[in-house]
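Nothing in this text is a laboratory measurement; each read-out follows from the coordinates by a stated rule. Here the structure is a predicted model, which means the values were calculated and not measured. Every residue, glycine among them, receives a Cβ derived from its backbone with ideal geometry; neighbour counts consider all protein chains shown.
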Amino acid sequence: MSESPQHILDASTLREYEEAMFIAVGCSPEDASQAAEVMWEADLRGISSHGLIRMPDTIRRIKEGMIDPKARPRIAKEREGSALVDAGGAMGPIGGVFAADLAMKKAATAGSCTVGLLNANHFIFVGYYGERIARAGMACIITTVTPPLAHPYGGTERIIGTNPLVIALPSEGEDPLLLDFATTEIAFGNVMKARAKGEALPEGVALGPDGAPTTDPAVAAQGALTPFGGYKGYGLNLMLGLLAGPLVGGLVGKAVSGVFHQGRKANKGDLFIVIDPASFGDPAVFRSAVSAHIKEIKESPLAPGADEIRVPGERSFRERARRLREGVPIEESVWRVAASIADELDVTVPD
């Protein structure tokens, strides 16, 4: 299949375009800048399933009152090493940054901190928050609940989320270690992306509504995604959903609504665990150990056919640098839908 048409946009122009749409729909300049940054960073890293493609849904949810563009997160409950944050229906990036920053601030005093987040919408790009924490010199584990998009191991019904996991660690290098993945064979955003590009899905990643395997993204969108790694991925998915959902007062499974759906407010939960390396010793020694192990791994023998050994986050950081230089490709179908939303908001569409 030939590649679908793309728009190549200067990175700064793309970010300004996204900010303008958020401002036009009622966000403050500060919140518009923050939300646009998270969305922009996804496209910069080649994670186009979580970039501009998410703008139309976000704007519609704001217009329908499912997202409050003026909401301010608040601390609903607090202990020395924990906090529960109520985002009040704010955009996901606004609640996510508040929770991440609060967890870092408290971890600097308590040694570690766990923050639960409620009433926040889609995070857009979960790895953003992990990177923010790791670049501040701390380690973290972050997870979130999604609406039912996947089937359990041994089942066919769409009943569990894709429940992504992020683990980020600081290092002596320019970039931190950043692990970020959905606990399904592919993220639901990749289904959206394949449908937008008119491409088939890989074999073995999704079932249709009838429970039969499918490679058609339109059919998969009505069916269920498959947990990665068989029972191991399913078990991880299940545990993360319960930690980020009921543990912090959110919902899980069929009860989760909002996030992707119009006409429903988000009732999911999110969980941030932040650890200050100074709790256990000299943070510089920890960073040095991380970097030394990375060097050890990368200098180990290559498997036949392999060009290099990469570590988590390395591909996306390279792609970010390249797209800052060369521009950001946006699929024609994604561009067209976003441009339609921009026209509704009286926002100038870039040439």
Where does each of Val97, Val349 land when they are ranked from fewest to most other beta-carbon atoms within 10 angstrom? Val349, Val97
Please compute the Cα-Cα pair-distance distribution of the chain with 20 Å bins starting at 0, giving whole percents from short to long. 29, 61, 10
If neighbour count is taken as other Cβ atoms inside 10 Å, put Tyr128, Tyr153, Tyr234 in order from fewest to most. Tyr153, Tyr234, Tyr128
The answer for Val328, listing residues at least 5 apart or on another chain whose modeled amide H is closer than 5 Å to its amide H, is Leu9, Asp10, Ala11
Helix-only estimate, please: 222 nm mean residue ellipticity of the chain, summing -39500 (n - 2.57) across DSSP H runs of length 4 or more and dividing by its residues, to the nearest 500. -12500 deg cm²/dmol
When Ile275, Ile160, Ile75, Ile67 are ordered from fewest to most other Cβ atoms inside 10 Å of their Cβ, what list results? Ile75, Ile275, Ile67, Ile160
Rank-order 246-257, 220-231 by packing density, defined as the average count of other C-beta atoms within 10 Å over each peptide's residues, highest first. 220-231, 246-257
Over segment 18-65, with a single point scatterer placed on each C-alpha, what log10 of the ratio I(q)/I(0) does the Debye formula yield at q = 0.24 1/Å? -0.83
Residues other than Glu19 with Cβ under 12 Å of its Cβ, Lys/Arg counted +1 and Asp/Glu -1, net out at -4
Could you calculate the FRET efficiency of Ser291 with Asp351 from 1/(1 + (r/R0)^6), where r is the beta carbon distance between them and R0 is 45 Å, rounded to 0.05? 0.55
With Rh as the Kirkwood radius over Cα pairs, segment 131-217 has Rg/Rh of 1.10
Tell me the net charge near Val219. Cut-off is 12 Å between Cβ atoms, Val219 excluded, with +1 for each Lys or Arg and -1 for each Asp or Glu. -1
Rounded to the nearest 20 debye, what is the charge dipole size of segment 256-313 about its Cα centre when +1 sits on each Lys and Arg Cβ and -1 on each Asp and Glu Cβ? 440
Cα extents of segment 195-351 along the principal axes, largest first, in whole Å, come to 52, 45, 40
Pairs over 25 Å Cα to Cα, from Lys106/Lys232; Lys193/Lys295; Lys63/Lys268; Lys197/Lys268; Lys77/Lys105, come to Lys106/Lys232; Lys193/Lys295; Lys197/Lys268
Under 1.5 on a/c is rounded, so check that first for segment 40-187, then, if it is not, pick prolate when a/b is larger than b/c and oblate when it is not; a ≥ b ≥ c are the square roots of the alpha carbon gyration tensor eigenvalues. rounded
Calculated SAXS-style log₁₀ I(q)/I(0) at q = 0.17, 0.25, 0.26 Å⁻¹ - segment 269-347, Debye, Cα scatterers: -0.96, -1.14, -1.15
Surrounding charge for Ser112, neighbours by C-beta under 9 angstrom, Lys/Arg +1, Asp/Glu -1, total 0
Ordered by number, the chymotrypsin sites (Phe, Trp or Tyr not before Pro) in segment 248-299 that occupy a DSSP loop and have at most 16 other Cβ atoms within 10 Å are Phe280
